[in-house]
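Data first, discussion second: the structure below is written as structure tokens.
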Amino acid sequence: MYNKGTIIPGLMIFIVFVTFPLWYNRLSAGTVPKPDLPIGQKECVAPVSEMRDNHMKLLNQWRDAVLRDDDRVNVKVGGKEYRKGLQTACMQCHTDKEKFCDTCHTYAAVQPSCWDCHLTPAVAASKKETH
Amino acid sequence: MDTKRRKFLKIAGAAALAGIGAPAIVKLTSSAAIASEAVQHETAAHGEVAAATGVRLGMVIDMRKFAEQPELLDQAIAACNKVHNIPHFPDRKNEIKWIWKAPYANVFPELESIHKSEMAKKAPFAVLCNHCDNPSCVKACPTKATFVQPENGIVAMDFHRCIGCRFCMAACPYGARSFNWQDPRPFIDTYNAEFPTRMRGVVEKCNFCGERLALGLEPACVEVAKSAGAMVFGDLNDPDSEIRKVLDKEFTIQRNPAAGTKPSVYYIV
């Protein structure tokens with residue numbers, strides 16, 4: 001092998017560099033987030049594992065159903081009906097966006113743009129009608 | 001040698017003539033075909049509208065009633081602004097309008113005359129998205145963020161898809177679309193927790209209260225103005241609907257019919 005003297009130390013430096021996040025955090029992924037679950041409501045529109053993996057896809061399906069396909073059939077959860085939608089369904093039980101949505105999103109470093117337009121319960125309450 | 005050259009020139013000349021003549025021959029024959037087709041088709045009268053099918057939501061605005069009760073239009077506008085989280089910007093260039101007031105001269109510029117009724121001179125007219133049959137905004141939208149709902153004919157918007165190019169605003173002959181030049185939230189008085197706000201860089205307009213219709217309610221403005229008979233809302237394609245009875249009885253006009261967009265908002269002036 002030619003240039004053994006430079007290639008091998010170079011590779012070593014490269015490996016150390018790309019694995020920096022792993023060894024810097026001592027191979028631990030940090031504390032796994034524990035989102036606040038709604039009190040008194042055990043069911044969701046789908047099983048927990050399904051919701052954990054695909055809630056974003058479900059939200060997109062609801063969006064297209066309501067806005068595009070005029071399919072506004074309510075969803076039933078635990079005997080109660082909800083109108084499809086982030087504000088009209090999800091946030092009715094998950095009343096705290098900061099303690100539910102944000103815990104995982106911050107941990108996973110994702111920034112969903114939902115709240116640019118949709119009102120979180122806290123924001124909606126900040127300018128509530130007084131009378 | 002000489003005979004060869006002579007022969008070559010003859011062939012070249014014939015080929016050139018054929019080349020020049022061919023398009024003319026094609027043109028003649030094809031135009032003949034079109035002419036024969038035209039004889040078979042009965043052309044409809046200019047501007048004739050074919051009868052539509054399905055549900056087509058529309059509105060009649062009785063300006064006589066609005067002129068009698070000047071506060072009614074303000075109340076209707078306020079009701080709309082409240083349910084749809086519409087901001088109020090102090091600077092008019094940022095204005096967001098779903099239903100708003102405009103003078104007669106701006107609403108019906110092609111019907112403007114010197115001697116018009118007192119009402120047309122003074123009363124502000126109610127204007128909103130016309131939810132056209134043939135909406136130019138929908139054709140202009142590059143992302144299909146605005147589209148016609150086939151179920152009810154509403155020209156709806158999916159704010160999620162709007163990229164803020166404002167082609168629709170340029171295309172709309174009625175100025176019914178507004179652009180969010182800045183974050184609207186600080187300018188919203190009270191939030192309706194069941195409806196989203198918009199964000200900077202998104203176009204918005206009247207949605208004929210699609211979200212309220214789904215709950216069996218009438219549009220917010222109609223709810224306010226209905227008792228006075230100033231607004232009638234319903235299915236234009238249903239001959240027994242209230243709106244059709246009003247349309248059968250009263251003479252109505254529409255905004256800018258020459259644009260060919262076929263609005264579904266009618267005015268009694």
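The values are calculated or read from the model by the stated rules, or taken from the named source; none is laboratory data. Only a predicted model underlies this, so the values are computations on that prediction, with no experimental measurement involved. Backbone-built Cβ (ideal geometry, glycine too); neighbour counts: all protein chains shown.
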message: Testing B:K93 on (1) in contact (Cβ under 8 Å) with a residue 60 or more places away in the chain; (2) assigned to a loop (DSSP other than H, G, I, E, B); (3) over 22 Å from B:A230 (Cα atoms), one condition comes back false. Which one is that?
response: (2)
- request: Go through region B:208-257 and count every residue that is within 14 Å of chain A (Cβ to nearest Cβ) and either surrounded by fewer than 16 Cβ atoms within 10 Å (Cβ to Cβ) or free of Cβ contacts under 8 Å to residues at least 60 places away in the same chain (or both).
  value: 5
- line: Within region A:60-97, the residues that are at positive phi, without any contact (Cβ under 8 Å) to a residue 24 or more places away in the chain and exposed (fewer than 14 other Cβ atoms within 10 Å of the Cβ) are A:G79
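Give region B:166-186 a look and list any residue that's farther than 20 Å from B:V127 by Cβ and crowded, with 16+ Cβ neighbours inside 10 Å, or say none.
B:F167, B:P184, B:R185 - these are the residues of region B:166-186 that are farther than 20 Å from B:V127 by Cβ and crowded, with 16+ Cβ neighbours inside 10 Å.
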Number of positions in region B:131-164 that are of a type outside the set (A, V, I, L, M), more than 12 Å from chain A (Cβ to nearest Cβ) and under 21 Å from B:R56 (Cβ atoms): 9
- request: Mind listing whichever residues of region B:67-83 are closer than 20 Å to B:K121 by Cα and surrounded by fewer than 23 Cβ atoms within 10 Å (Cβ to Cβ)?
  value: B:A67, B:E68, B:Q69, B:P70, B:E71, B:L72, B:D74
query: How many residues does region B:132-150 contain that are under 21 Å from B:D238 (Cα atoms) and surrounded by fewer than 15 Cβ atoms within 10 Å (Cβ to Cβ)?
result: 2
query: within 12 Å of chain A (Cβ to nearest Cβ), aromatic (F, W, Y) and either over 11 Å from the mean Cα position of the chain (by Cα) or farther than 18 Å from B:M59 by Cα (or both) - does that describe any residue in region B:166-179?
result: no
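Considering only region B:187-207, state which residues are at the interface with chain A (Cβ under 9 Å from one of its Cβ atoms), crowded, with 17+ Cβ neighbours inside 10 Å and either among the aromatic types (F, W, Y) or touching a Lys or Arg at 6+ places or on another chain (Cβ under 6 Å) (or both).
Once the filter is applied, which keeps residues that are at the interface with chain A (Cβ under 9 Å from one of its Cβ atoms), crowded, with 17+ Cβ neighbours inside 10 Å and either among the aromatic types (F, W, Y) or touching a Lys or Arg at 6+ places or on another chain (Cβ under 6 Å) (or both), region B:187-207 yields B:Y191, B:F195, B:T197.
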message: For region A:112-126, check the following and say yes or no: at least one residue is among the aliphatic types (A, V, I, L, M), surrounded by fewer than 17 Cβ atoms within 10 Å (Cβ to Cβ) and at the interface with another protein chain (Cβ under 10 Å from one of its Cβ atoms).
response: yes
- prompt: Name the pairs whose Cβ atoms lie under 7 Å apart, with the first residue in region B:158-187 and over 24 Å from B:P90 (Cα atoms) and at pLDDT below 95, the second of a type outside the set (D, E, K, R) and part of a strand (DSSP E or B), and 6 or more positions between them or separate chains?
  reply: none
- line: B:E112 meets each of (1) more than 26 Å from B:Y267 (Cα to Cα); (2) away from chain A (no Cβ under 14 Å); (3) of a type outside the set (K, R) with one exception, condition (1)
